[in-house]
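The values are calculated or read from the model by the stated rules, or taken from the named source; none is laboratory data. Everything numeric in this text was worked out from a predicted model, so none of it was measured. Neighbour counts are summed over all protein chains in view; Cβ atoms, including those assigned to glycine, are modelled from backbone coordinates with ideal geometry. Just the protein is used for accessible areas: all its heavy atoms, side chains included, with ligands, DNA and RNA removed. Shrake-Rupley method; radii C 1.70, N 1.55, O 1.52, S 1.80 Å.
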Amino acid sequence: MNYKVNIPEALNDVLKSHLIRPDGQEDLCFALYNPITAMGMAGAVLFEAILPEQGDRDVHGNVSFSSKYLDRVGKIAREKKCGICFMHSHPARGWQGMSRDDIDAENMLAPRCKAMTDFPLLGMTIGEDSIWSARFWIKDRPKSYRRHFCSKVCVSGKKLHVSYYDELAPKVHFGVEFTRTISAWGQDKQDQISRLCVGIVGLGSVGSIIAEALVKTGVRKLILLDFDTVERKNLDRLQGIGSQHVGQHKVHAIKKHLEDVTPGLEISIISLPYSLIEGEGLLAILASDVIFSCVDRPWPRYVLNKISYANAIPVIDGGIDANQNKKRDNIGQARWKSHVTAPGRICLSCLGQYSPEDVSLEMSGLLEDPHYIQGLPDEHFAKRGENVFAFSLGLAGMEIQQFLSLNLQPLGIYYGPKEFDFNTGNIDADFDFNCKSGCEYQELIGQGDKVNGNLASQHAIAEEKRKSAIPSAEANRPKENYILQFILKLFGHRSWIAKMFKTNH
Ligand SMILES: [Zn+2]
Ligand SMILES: [Zn+2]
């Protein structure tokens, strides 16, 4: 089992400025978390710091806290039905292990936190260079709690910064094949990028190009999600796909292609012929550190927007808007736009990437009815979709740039949405960086499974596609029983997965 923690950037700034003291002393505080349940992964997303008040802790010598402080935190956590995170700082650099005193303190806290909240204690340590280490204390026998270290802690916002535990997320040893890539940004940045787990939702023209670009950039872990099969009319736009793949699931055919073109090294690709909206797809994608949204429908975009804020996972989204001129003898307009959503960045709803009306329309199933579509005005999104490989290549390039900028931030610069106008060759960048005031998605930050649990639904078309697809050797199904077992053990009967798999399976 893999464990991880996600932290919204603004909250991370609050925790850092409290814990990393100018006088070099250790300090401590508590925070609250909600669980994130995913395929093969149990995670936490932090959403609130509960800093000590006067008399709550003593920082001289070995830092310690009063039982009054713990009781106050326990009361709030119980009211909010969430878990407790105990965090402290070390005046040292890099990933921090635990001293005997640290282990004793957390061992003493673990049963108290479990009793107060029914969630496992999450312990975290920050070094003076802002690198985190984290561990869950999970009850394995009566009166016995076992420590499970997290492989990574992801801080997301204007940038993505990941603290890795090398033992559980080992550095990749790149061969001569990557000499040029590593010489562009250095070994440390390559170690950051290559250990990310990247999800791609939608493996059409844009998604298939992005997948190949990620593999060539050294990303070793991909989760591919798309229920669609390859049709002859897709062959002019899918990267790595030929006529021999017609009838197969796109995800499996693309997985095989990526394994063939990977320069050296082992790569782990999970290809799932499911919709994001189905439980299996949702569980898989929540294990990602970054998600590419390569869908052109409002419903999955709406779900991805919620996922991004609720779990503090950056979502890189984009879209192409192209159509013919009136005489139908050339391009009328062609524009493509890319942007990143994360806590502290503008969301897909405020950007106008989908409307609530269109989400309802798709949920109603009417978008699958050709007669209904015929009756729609020409400018309706369901009727548009002129697209060619070259435009997809342009958009995929912009999305990969957003991904690299988010991770590398050369000169400390970050940017928001960008739009390219094919006719004029201009790139527009004058978009809002933040959500409109009162945006409802801001309320979801750090809510984790409380939001995830309401996103899954059945998807008749995806089920139909799976029945009709030509079987492929690359097929692999999520191990549902395995997932269910560990989740029940960890988060108990309140888990949304437990409810979902009881009703749907
Ligand atoms: Zn310590
Ligand atoms: Zn918004």
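Tabulated data
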read-out: Test result for LEU490, in contact with a strand residue (DSSP E or B) (Cβ under 9 Å, 6 or more places away or on another chain), at pLDDT below 90 and more than 16 Å from ligand 2 (Cβ to nearest atom); value: yes
read-out: Unmet criterion (only one of (1) open to solvent by 80 Å² or more (accessible area, probe 1.4 Å); (2) in a loop (DSSP other than H, G, I, E, B)) for LYS450; value: (2)
read-out: Number of positions in region 1-12 that are at pLDDT 95 or above and surrounded by fewer than 15 Cβ atoms within 10 Å (Cβ to Cβ); value: 1
read-out: Identity of the residue in region 146-184, part of a helix (DSSP H, G or I) and of a type in the set (A, V, I, L, M), that ends up least open to solvent (accessible area, probe 1.4 Å); value: ILE182
read-out: Filtered residue count, region 185-203, keeping only those that are more than 21 Å from MET39 (Cβ to Cβ) and open to solvent by 20 Å² or more (accessible area, probe 1.4 Å); value: 6
read-out: Tally of residues being among the aromatic types (Phe, Trp, Tyr) and outside any loop (DSSP other than H, G, I, E, B) across region 259-283; value: 0
read-out: Count of residues meeting criterion [outside any loop (DSSP other than H, G, I, E, B) and either touching a Pro at 6+ places or on another chain (Cβ under 6 Å) or within 16 Å of ligand 2 (Cβ to nearest atom) (or both)] in region 407-442; value: 3
read-out: Tally of residues being in contact (Cβ under 8 Å) with a residue 24 or more places away in the chain, surrounded by fewer than 21 Cβ atoms within 10 Å (Cβ to Cβ) and among the hydroxyl-bearing types (Ser, Thr, Tyr) across region 118-144; value: 1
read-out: Top-ranked residue in region 319-366 [being surrounded by 13 or more Cβ atoms within 10 Å (Cβ to Cβ) and free of Cβ contacts under 8 Å to residues at least 24 places away in the same chain; ranked as farthest from ligand 2 (Cβ to nearest atom)]; value: GLY332
read-out: Count - residues of region 375-400 that are without any contact (Cβ under 8 Å) to a residue 60 or more places away in the chain and either assigned to a loop (DSSP other than H, G, I, E, B) or not assigned by TED's automatic domain parsing to the domain that holds PRO300 (or both); value: 6
read-out: Residue within region 61-68 that is assigned by TED's automatic domain parsing to the domain that holds ILE138 and in contact (Cβ under 8 Å) with a residue 40 or more places away in the chain present; value: no
read-out: Spans of strands (runs of 3 or more DSSP E) in region 35-127 with at least 1 residues away from ligand 1 (no atom under 16 Å from the Cβ) and in contact with a strand residue (DSSP E or B) (Cβ under 6 Å, 6 or more places away or on another chain); value: 41-50, 83-89
read-out: Some residue of region 57-74 being under 19 Å from ASP13 (Cα atoms), out of contact with any Cys (no Cβ under 8 Å at 6 or more places or on another chain) and not basic (Lys, Arg); value: no
read-out: Residue match in region 172-194 (condition: closer than 30 Å to ALA110 by Cβ, in the same structural domain as ASP296 (by TED's automatic domain parsing) and of a type outside the set (Asp, Glu)); value: no
read-out: Test for TYR372: is it part of a helix (DSSP H, G or I) and crowded, with 22+ Cβ neighbours inside 10 Å; value: no
